[in-house]
Structures are given as structure tokens and as C-alpha cells.
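Structure, as C-alpha cells:
The values are calculated or read from the model by the stated rules, or taken from the named source; none is laboratory data. Small disclaimer: the values here were computed from a predicted structure and weren't measured. Quick reminder, even Gly has a Cβ in these numbers, built from the backbone with ideal geometry, and neighbours come from all protein chains shown. Ligands, DNA and RNA are excluded from the accessible area calculation, which covers all protein heavy atoms including side chains. Shrake-Rupley method; radii C 1.70, N 1.55, O 1.52, S 1.80 Å.
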Protein chains: 2
Amino acid sequence: MTKAPRSGPYICGIDAALDVVSGKWKGLILWELDEHGVRRFAELRRGLPGVSEKMLTQHLREMEADGLVHRQVHAEVPPRVEYSLTEHGHTLNTALAPLGAWGVDRLRRERSDLVEHRDAAALPRP
Amino acid sequence: MTKAPRSGPYICGIDAALDVVSGKWKGLILWELDEHGVRRFAELRRGLPGVSEKMLTQHLREMEADGLVHRQVHAEVPPRVEYSLTEHGHTLNTALAPLGAWGVDRLRRERSDLVEHRDAAALPRP
DNA sequence: CAGTATCCGAGTTGATACTG
DNA sequence: CAGTATCAACTCGGATACTG
């Protein structure tokens, strides 16, 4: 088994939306796929420094089940699997944009991680 | 102890933002405080059907530490404690609005919980 | 009223090894 | 390459009981 099907009913939309993006790497996966359009398993892995194969697979499966991600398997040797966002995944990403901006502000306020304070420059990745 | 201080650094804003709203009731707490302005402990409890005192306290403490919630203690008998959103909490809520709308759409698509299908009417709580 | 303190089971994440 | 399988930590959330 992979995911807890959520115990009770959703009380509001925020609730229902947070449920599908809660997971250590889901926000990043969404961002990565939105940025590049199509990504192979190994490419995603490289884009998410520190993720384990297990977690990446698990998150991708859940997001596929939630209708956010499309999984295209090419019957070749060596195997090739491509992941991309579905329409819903894309609209979710759009809805996530303001939150991303807020997060960047939060990071700026705390100037902790991400920027090592050497330069007020580049804060990539919305 | 209450919360894992997060292992690694944040990679993007989405990441940093999701970290502060991930928790079973945080989205609802934000919504409740934004809606009513100021709420006492027991009022919040009533507004979040099913929450335990422990989780409510824990989430409120974390959100206070994250600078989202202000906690005002009145030195009275019986004790009175009032919670409200800080400026950051309010902007976060605003940034969360599109996500809430997406969530409502998701619920409509699946017509699962929330609406029992008897009527296409009321879908309260953004 | 507004919490704290404990205990516990379930769920989530991580590390490692193996496969078609 | 793109995964599975397994085991072990670690967290999260819930239940219960008690306090200033």
C-alpha cells in the first residue's frame, strides 16, 4: 500500500488541495514537471537532490492516482518512462504560484537556507 | 517537542510555504481565523469538528512559531486566550485562496465527500 | 477555560539490496 | 533505466487523564 486514503471528509477546498500536495517532494515534482514539460525518471531524480528512488516512485504513483501526473511508458530497451503534468496538474500548479511567491518572501525574511547571504542576487525557482 | 525543524534546506518557495501549512488542521485554522478575526481556544475547537485539544494546541504553537498566528493571553479568571492572524498569516491566507478554489473544483469533479449529491447548491468554505 | 503529560498505534520516510 | 522488496526509524495524530 502507498497512501492513507484520508480518514474523514474534506471540510473545505484548501483542505482538499493540500491533501494532494502534502508529501515531502510533491511541490518540487510539480514545479519540475511544469518547468520542463516532460521528464524521465532519472531526470526527476537528479532535479530533486536527496530523494530516494522509493519516495520518488511512491509520490509519482500517488500523483498519478490523483490525476495530476501522466505516465507514459515506452516499450523499449533500455526502458524509457516519461512523466508530464495533466491538465489538472497544470491548473494546480497555477493555483500554487501565489503560495510559491509567499514562500520566497518567507525565505527572504528569514534569510536562512537557500541563500547563504553572500549576495542578494538569484533566488531561482518560484 | 512538537515539530521536526525540517531536515534539509528549502529548494523553492512552494516548498517553504507548504511546510508551514502542512498539518491536518492548519488550513482550517487559517480559514477560521481569517473569517472571524479573533477566536478563543474553545471557539476554534468548535469550528474544527474532530480536532483533539492536543493537536489544536500543537498546531497553534507551531503557527505561532512560524509567525502566522498571534496569541493574546488575558490575565483573568477564568483564563482567556485569543488567537488571531498576524500580517504574514493574513498574506498567506490570501496566497492560499487560488489553491482553495482548485480544491473546490477537485471536490466537484469527484463529487465525493462534502456534497452528498442531494443538491448542486451550497459549497461553503472556499 | 485553556491547557499539559503520557502512552500508543498508524502512517511516512529512509537505507539497502535486488530485478526485468 | 526504472523500478520492487524489505526492514528500520521516525513522526504524526488520537485517547485518556490531570492541572492552574
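Quick notes
- Distance histogram in 10 Å bins (all Cα pairs of the range A:43-95, percent per bin): 22, 49, 27, 2
- For A:46-57, mean number of other protein chain Cβ atoms within 10 Å: 1
- Checking every one of the GluC sites (Glu not before Pro) in the range A:1-109 against DSSP loop status and a limit of 10 other Cβ atoms within 10 Å picks out A:E76.
- Looking at the range B:1-118, the accessible area is 52 square angstrom per residue; that uses a 1.4 Å probe and ignores ligands, DNA and RNA.
- q = 0.11 Å⁻¹: log10 I(q)/I(0) that the Debye formula gives for the protein assembly as shown, counting C-alpha atoms only: -0.64
- Legend: mean number of C-beta atoms from other chains within 10 angstrom of residue C-beta atoms, peptide A:91-98, equals 6.
- Estimated FRET transfer efficiency (A:A42, B:S52; beta-carbon r; R0 35 Å; 0.05): 0.25
- Positive-end residue of A:Y10, B:T94, A:A97, charge dipole of the protein assembly as shown with Cβ unit charges: A:Y10
- Diffusion coefficient, µm² s⁻¹, Stokes-Einstein with Kirkwood Rh over alpha-carbon pairs of the range A:1-86 at 10 °C and 1.306 mPa s: 115 µm²/s
- Applied to the range A:24-36, the Karplus parametrisation 6.51 cos²θ - 1.76 cosθ + 1.60 on θ = phi - 60° returns per-residue 3J(HN,Hα) values of 3, 10, 4, x, 5, 4, 4, 4, 4, 6, 5, 5, 9 Hz, with x for Gly and Pro.
- Shielding by partners for peptide A:18-31, expressed as the average number of C-beta atoms from other protein chains within 10 Å of each residue's C-beta, is 5.
- MRE, 222 nm, helices only [DSSP H, n ≥ 4, -39500 (n - 2.57), over the protein assembly as shown, to nearest 500]: -16000 deg cm²/dmol
- Candidate lysines for bridging to B:K54, where Cα separation is under 17 Å - those fewer than 8 sequence places away on the same chain excluded: B:K3, B:K24, B:K26
- Placing +1 on the Cβ of every Lys and Arg and -1 on the Cβ of every Asp and Glu, with no other charges, gives the protein assembly as shown a dipole of roughly 480 debye about its Cα centre.
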